[in-house]
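Visitor: Here it is, the structure in full.
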Amino acid sequence: MKRPSSSTVIEIAESQIPLGEKKSKRHRKSSISTAPDSDCEMPCDDPGPPQPTPTQPLADIPATIYQDIERLRAPESAGGAGLTANDITRLRESGFTTVESIAFTPIRKLLGSIKSIGEIRAERMKSAATRLIPMGFNTATAYLKLREEMIKITTGSAVLDALLRGGIETGSITELIGEFKSGKTQFCHTIAVSSQLPVSLGGAAGKVIYIDTEGTFRPERIVEISEKFHMKPEIVLANIVVARAYNSDHQIHLLIEAANVMASGTRFAAIIVDSATALFRTDFSGRGELADRQQNLSKFLRLLQRISDEFGAAVIITNQVIANVDASFMHGPASKPAGGHVMAHACQTRLMLRKGSGDKRICKVFDSPILPESEAVFYLTRDGISDEPGSDSKRPRHGSHDPDDSD
């Protein structure tokens, strides 16, 4: 794909194009801004200040891959399920906003999640959804082509992108594990900005949903990181939808709300949850509540995966670490990720972050179906994640913010 010229300004208009499965060869105009006349400024080829240029439609936009739940209102003879407007409202209230969400959910879960939906109607919905959504076998060649066309989001560091073979994958869950001050929250802030870049510049050209469970989201950091990519901070901030979760039930409810927001007609590139485990660890304490905690955590993670599958968005979650009490006997690491096997099996890519000297951080591939176990060094700067302090910006650094003060 041809790289836009220096300081290109791209006009964004609202569209219903999810991110995940593949890059489209069709050129479509799309929007990541709520304002009808808004535009999204692109990074420059050089680090100097961007100059005004005419607007142009955004190219390399992914194709629409999901079907709205309204499709099931059609009669059975037309391939629908004959649902009423009230049925659609109840489905949306329960977080089922696409035909895919029905197809991916077992009937017994539909009966348990949706109010006043009888078994006959649930079976009719399920049958119609499975006819509309291909869920059978395919060749490995076809899967390889989808993988080759998958959009990846830059981390802001060329070294980290190389470690991840291009960046954060869309359509899957990436877990960031680490102690406090290891850089997890700064990583999330950087992805919240870089996701809004066009695909040709390492982004995913969409909005971001950010669920903050620890009160660490800082819009000031978004402004600083936006300057690194020469993007307009006010537009970048408007494209990030933030919610603070106060307990584990609220955290799950926010995810149901997120599904409705993502199906509202605007394309979303990523869902960020910082952190995924904190509230579950405090709401469920002791071994007596361990089974309930893991069951509710599993429900949350499964819902995250379903939404990622529906809309093709990248999911980035952070996770805390706990003391490894067996380390002294097994000569293993002193800490291990929280969440146990439930968390381990739910995430496709697991990255372990640890602190080095000063702003230096180390990222290790902890688990991945494709990436080898290896490490990369990056730095936390005013501009977010960088290859080394000041390497990606010639602008003088102002202010007294110390990125080492945050997770």
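Visitor: Return yes or no: is I271 in the same structural domain as T318 (by TED's automatic domain parsing), surrounded by 22 or more Cβ atoms within 10 Å (Cβ to Cβ) and either in a helix (DSSP H, G or I) or in contact with a Cys (Cβ under 8 Å, 6 or more places away or on another chain) (or both)?
Guide: Answer is no for this residue.
Visitor: With respect to T185, is the statement that it is in contact with a helix residue (DSSP H, G or I) (Cβ under 8 Å, 6 or more places away or on another chain) and outside any strand (DSSP E or B) true? Before you say what the answer is, go through the steps one by one.
Guide: Values: in contact with a helix residue (DSSP H, G or I) (Cβ under 8 Å, 6 or more places away or on another chain): no; outside any strand (DSSP E or B): yes.
So T185 does not fit the description; no.
Visitor: Search the range 82-94 for residues that are of a type in the set (S, T, Y) and pair each with any residue that is surrounded by fewer than 17 Cβ atoms within 10 Å (Cβ to Cβ) and in a loop (DSSP other than H, G, I, E, B) when their beta-carbon atoms are under 9 Å apart and the residues are at least 6 apart or on different chains.
Guide: The qualifying pairs are S94/K115.
Visitor: Next question, about the same structure. Hey, among V208, V159, V199, which residue is crowded, with 24+ Cβ neighbours inside 10 Å and either among the aromatic types (F, W, Y) or touching a residue at least 60 places away in the same chain (Cβ under 8 Å) (or both)?
Guide: On the way: V159 fails: crowded, with 24+ Cβ neighbours inside 10 Å; V199 fails: crowded, with 24+ Cβ neighbours inside 10 Å.
Result of the check over V208, V159, V199: V208.
Visitor: Which number in (1) buried (at least 19 other Cβ atoms within 10 Å of the Cβ); (2) under 18 Å from V342 (Cα atoms); (3) of a type outside the set (S, T, Y) marks the one condition that I240 misses?
Guide: (2)
Visitor: So, in the range 171-188, exactly how many residues are of a type in the set (K, R) and under 14 Å from R218 (Cβ atoms)? Give the steps one after another, and end with the answer.
Guide: The initial filter retains those residues of the range 171-188 that are of a type in the set (K, R), namely 181, 184.
So of that shortlist, the ones also under 14 Å from R218 (Cβ atoms) come out as 184.
So the answer is 1.
Visitor: For the range 249-286: of the residues being more than 20 Å from K207 (Cα to Cα) and of a type in the set (D, E, K, R), which is nearest to the chain's Cα centre (by Cα)?
Guide: This residue is D249.
Visitor: Taking the condition of being over 15 Å from R306 (Cβ atoms), among the small types (G, A, S) and either outside the structural domain of M125 (by TED's automatic domain parsing) or in a loop (DSSP other than H, G, I, E, B) (or both), how many residues in the range 78-109 meet it?
Guide: Here the count works out to 4.
Visitor: Let me ask you something else. Counting only residues that are in contact (Cβ under 8 Å) with a residue 12 or more places away in the chain and outside any loop (DSSP other than H, G, I, E, B), how many does the range 229-248 have?
Guide: 10
Visitor: Does A259 qualify as being touching a residue at least 60 places away in the same chain (Cβ under 8 Å), part of a helix (DSSP H, G or I) and among the aliphatic types (A, V, I, L, M)?
Guide: Numbers: touching a residue at least 60 places away in the same chain (Cβ under 8 Å): yes; part of a helix (DSSP H, G or I): yes; among the aliphatic types (A, V, I, L, M): yes.
Criteria met by A259.
The values are calculated or read from the model by the stated rules, or taken from the named source; none is laboratory data. None of these values were measured; they are calculated from a predicted model. Because the Cβ atoms are built from the backbone with ideal geometry, glycine has one as well, and the counts that use them run over all protein chains shown.
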